[in-house]
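First comes the structure, then the notes that go with it.
Taken together, the values in this text are just the output of simple stated rules run on the coordinates, not laboratory data. Keep in mind it's a predicted model, so treat the numbers as computed, not measured. Cβ sites come from the backbone with ideal geometry, for glycine too, and all protein chains shown count toward neighbours.
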């Protein structure tokens, strides 16, 4: 098997993409008086949550055709993978109902179609804040100090949203 090991420059450059995923969650936390726009905001938020689930939870990159995939993992930055805390029913729906047409999607009752903020968004924001704090304390000072201020602003923004 051919393994993949990110280089320091790749890790540092990818921080921009990780912060983008987190910022898109925080930047879509508002509603409007337009149902279509509100649905688009929820779906956008969920797409970014879904991308970060693998980042935080996957213990390894996986293999395809004898090659290790190039997925970015939180463990690449010295931040251990672990469950984010989103209930399994919602994690499953993030795979089956979001940007994916499945027959099981049609089986949901109207009361089962919501994405509760406290069960889906807040657990992800907690993990994002923890990751940002880890970067600021451990990774950035040694590897990419120029990103410290931007990550601190993002962590502060998450704290304001959480009321911390």
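Peptide packing for 151-157, 79-85, 127-133 was compared via the average number of neighbouring C-beta atoms within 10 Å per residue; ordered from the highest value, the list is 127-133, 151-157, 79-85. Here the calculated FRET efficiency for residue 13 and residue 39, from their Cβ-Cβ distance with R0 = 35 Å, stands at 0.60, rounded to the nearest 0.05. If you run the Gaussian network model on the chain, springs between alpha carbon atoms under 10 Å, then out of 96, 119, 67 the most flexible one is 67. Where only DSSP H runs of four or more residues are counted, the chain gives -16500 deg cm²/dmol as its mean residue ellipticity at 222 nm, each run worth -39500 (n - 2.57). The stretch between residue 58 and residue 164, if pulled fully straight at 0.36 nm per residue, gains 35.4 nm over its current Cα-Cα span. Overall form of the range 1-62: prolate. Here a/c, set by the Cα gyration tensor axes a ≥ b ≥ c, is 1.5 or more, and a/b is the larger of a/b and b/c. Semi-axes of the equivalent ellipsoid of the chain are 28, 22, 13 Å, computed as sqrt(5λ) over the eigenvalues of the C-alpha gyration tensor in descending order.
In this label model, residue 92 and residue 107 are separated by 0.8 nm, measuring between points 7 Å along each Cα→Cβ vector. Once the chain from residue 146 to residue 130 is taken as fully extended at 0.36 nm per residue, the excess over their C-alpha distance is 3.8 nm.
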